Each structure stands twice: as C-alpha cells, then as structure tokens.
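First comes the structure, then the notes that go with it.
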Amino acid sequence: MKWTKKLIGPISSALGKQENWLRVEEARSGGWYCLAGKKTHPAVNWHHLDEEGSLQKLNAMQDKRLPAMAASCADWISAGYTIQLLAWRVGSRAIFKLVHNNVTSYAKIFRKDRQTIERWQFLANQSPFIALQIPTILDWNPAAKVLITSAQPGFSLHEQWANGNWNPGHLDFLQLVLAWLATSKSSESLPEHSAEDEISILQTRSEVFHRILETPHPAAIELVGKTIDGLRDLEDVERSLSHRDLHDKQLLTSVSGNSLLDLDLLARAHPALDPGNIIAHCRLRALQGMPIPWQQIATSLASDARKRGVSGNHLRGWTAATLCRLALIYSRRNRFDGFIRTLLDSLRNLLEDRGEWKGLLE
C-alpha cells in the first residue's frame, strides 16, 4: 500500500493520483504542503494542496516569507555564480549551492534570525584541530538573513551507510564529536533548550500525527505520554553545549579530515540530548536497512556518556524523546508499510528497558 493511503481522506485522494510523494506538512494558511520527487533529489518540489483537493505547484522564488531569496539569487547570478537550490522549507528557509571559479560554497537563507551568527561563531572559535572541522563563515547578511559558508570535503555518514558502507572509524568519529561538544565551554548568551521545550515539540508533533493519519496507531498517545513523563521525571542538571540536530547527515568524513555541519540550533541543553539523538537516529537507520551495528554504537556512546556524568536513566529519557519524535514525523513521510508501528514498538521497548534495548544504555 502507498504510504499516502494512510493519510486522511482529502490528502490520500489527491496524492494517490500522481507523482512520487515524499513528505506532507500542514500549511499555516490552510491545507497542506506536499513534497514530490525521489529521495535522492533536492527537496524543493513542493505543492500546495487545499481542503477541496486542488494541487498547485509552488515556486520557491515567490515565497513571500523568504523575500530575500529572489534578490539574492539575482545578485549571485550577476556576480558569475552558478547556483542550485538544494533544499527549501516553505516559508522557513532555503539552502543553495554556489559555485564560482570552481570554488563551492553554500548559502542558507532564513526567515528568522535566531542568533544565527552567534551560534555559528561560538563553535567555530572552538574547532580543536584539523581532524575535526566545521564550515568557515564566508559572509553573513543580517538584514537579508543570508549565511554563506565554505564547502567541506567528504561524504556524510548517511550517504556511506545508505550505500552499505560501515567501518569502525565511524564510531570513533561519533565519539569524537560528542566528546568535543560535551567538553566545550558553553555561554549564558546562547539559547537554552530545556526538557519543557522538548515536551512542547512532542505535543505539537503528536497533535499533527493524529490530525493527519486516517487511523493513527492506538498506542501513540500512551507512548508519547510516557516519553513526556520520563522527561519530566528527570532531575535537573547543569546544561552543556549541544548541537541539538546531531545525526548522520550532519557528519562528513574524508581523507583530509572530518566535519560537523549545521550549527543553526546550537544551544545550552541537557548533556544527554546529543548522544540520545545520535543513538535514536542509528536505531532509525538500522530499521531502514542500513548495515550499522546500532546496538554496539548505543553501548559505546552510553559508556562514554556515563564517564561524563550522564546517567543511563537520563540518556534513556532523551533517546526516547528523539525516537518518539521520529515516529511522529515519519507518519508524514515516505516509508515502508508497518514502519511507524515498528518505531513505536521500539520506543516502548526503550521506555521499558526490554527487548532490543535491554541494558544497552545502562
């Protein structure tokens, strides 16, 4: 069964007729934004679906909430750049690949400036050695909210895993990045991401989950509630520096060194957030068929976290938060039949420390 057939009637009927649909998002103005294409294509082919079932293809350059996009593209083209739109989240942000004189850079255009340059510069000033780098900030236009950074060499862990390539050095890389973030100094000037912030995200995702699926999984409400209760039961601890969006697509490896991407969400947060995020994403990738030893990864990262004072209970709580969020998000994405049920089953096992998760994070 096509995954779109599991969505509510207006969406299922409209999307069942044409296109390879990858993702559906609720539109603030009503209706839904629907992404078409293949998984390997740039995420830019968005359509708007209204409540009557009418589909209209959207033009990125006409995104009224990103007014700097068209003007920036015109400036780049006039300056001799070759440009490619790589990703576009309607009304939120866009990412361009820029090439000039055989030199590649990347431009990110934001709708809101959430301390963007402060976040990027903060970690850039702490890049420890040549073996671990982050992109160089080439330009920041605060009025247009456009950030341009250098291109980093290599391939993401996600690309390598999706192509069937795993080696023990990938685990070493994960450990290195997490140790660097955990031991880097933080600052009161950075935004804070608290357990209550995470709970708010889960509640919002759960509401969309139940609005958009024709028959939502009956255990979802219970499991979201248990995940939230687990976060609320955790005693407060000192915040540490957190990437907040750390997963395999953000980590590049190459013969010349390794790189960490996308510092847009850098914040002060619970020290279990980043390792929990990585562990949950590794579980996700294994379920997607990637040949990674996710249990070995989880055990190793949990051991490292304990040495830094993070308890197994805290790590379980934050790993569950990410796994729960992924289950809710993937309900609106292309996936194989039964995938959401499998994710929720894994979440239950994690929360109850049984099955494939038994003892992994202790």
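The values are calculated or read from the model by the stated rules, or taken from the named source; none is laboratory data. What you see is a predicted model, and the numbers here were worked out from it, not measured in a lab. Areas reflect the complete protein model, heavy atoms only, side chains present, ligands, DNA and RNA absent. Shrake-Rupley method; radii C 1.70, N 1.55, O 1.52, S 1.80 Å.
Between [x] 280; [y] 140; [z] 130, which matches volume of the Cα convex hull per residue in Å³ calculated for the structure shown?
The calculated read-out lines up with [y].
With all protein chains present and a 1.4 Å probe, how do M69, M61 order by accessible area, largest first?
Working: M69 0, M61 75 Å².
Correct descending sequence by accessible area is M61, M69.
Based solely on its DSSP helices, what 222 nm [θ] is calculated for the chain when runs of n ≥ 4 H residues each add -39,500 (n - 2.57) and the sum is averaged over all residues, nearest 500 deg cm²/dmol?
Numbers: 11 runs with 142 residues, N = 362.
Rounded to the nearest 500, the figure is -12500 deg cm²/dmol.
Under DSSP H, which helices of the chain have Cα atoms covering 24 Å or more of the helix axis and a Kyte-Doolittle average no less than -0.5? Please list the in-between numbers first.
Values: long enough: 195-212 (26 Å, -0.33); 312-330 (26 Å, 0.39).
Correct list, ordered by number: 195-212, 312-330.
Just how much of T149 is accessible, in Å², when a 1.4 Å probe is used and the result is rounded to the nearest 10?
It works out to around 10 Å².
Where only protein heavy atoms count, and the probe is 1.4 Å, what is the accessible area per residue for region 1-141 in Å²? Could the numbers behind the result be given before it?
Values: 7760 Å² over 141 residues.
That works out to 55 Å² for each residue.
Could you rank K64, K108, K307 by how accessible they are, 1.4 Å probe, largest area first?
Details: K64 185, K108 10, K307 165 Å².
Highest to lowest solvent-accessible surface, that is K64, K307, K108.
Round to a whole angstrom and tell me the spacing of the C-alpha centers of region 332-362 and region 52-128.
35 Å
Go through R65, R232 and list them by solvent-accessible area, largest first, probe radius 1.4 Å.
Working: R65 105, R232 125 Å².
Result of the area sort, largest leading: R232, R65.
Specify the residue with the greatest mean-square fluctuation among P218, P42, P293, computed from a Gaussian network of the chain linking alpha-carbon atoms under 10 Å apart.
P218
Return the whole-Å distance between the Cα centroid of region 261-319 and the Cα centroid of region 216-235.
A separation of 19 Å, based on Cα centres.
On the accessible surface of the chain, probed at 1.4 Å, how many percent belong to carbon and sulfur atoms? If you can, show how the numbers build up before the last one.
Details: 8060 of 16590 Å².
That share works out to 49 percent.
So how exposed is Y81, as accessible area in Å² (1.4 Å probe, rounded to 10)?
70 Å²
Give the accessible area for R325 in Å² (nearest 10); use a 1.4 Å probe, count only protein heavy atoms, and leave out ligands, DNA and RNA.
Spelled out: R325, probe radius 1.4 Å, area about 50 Å².
Quick one: accessible area per residue over region 168-323, 1.4 Å probe, rounded to a whole number of Å²?
Values: 6070 Å² over 156 residues.
Roughly 39 Å² per residue, with all protein chains present.
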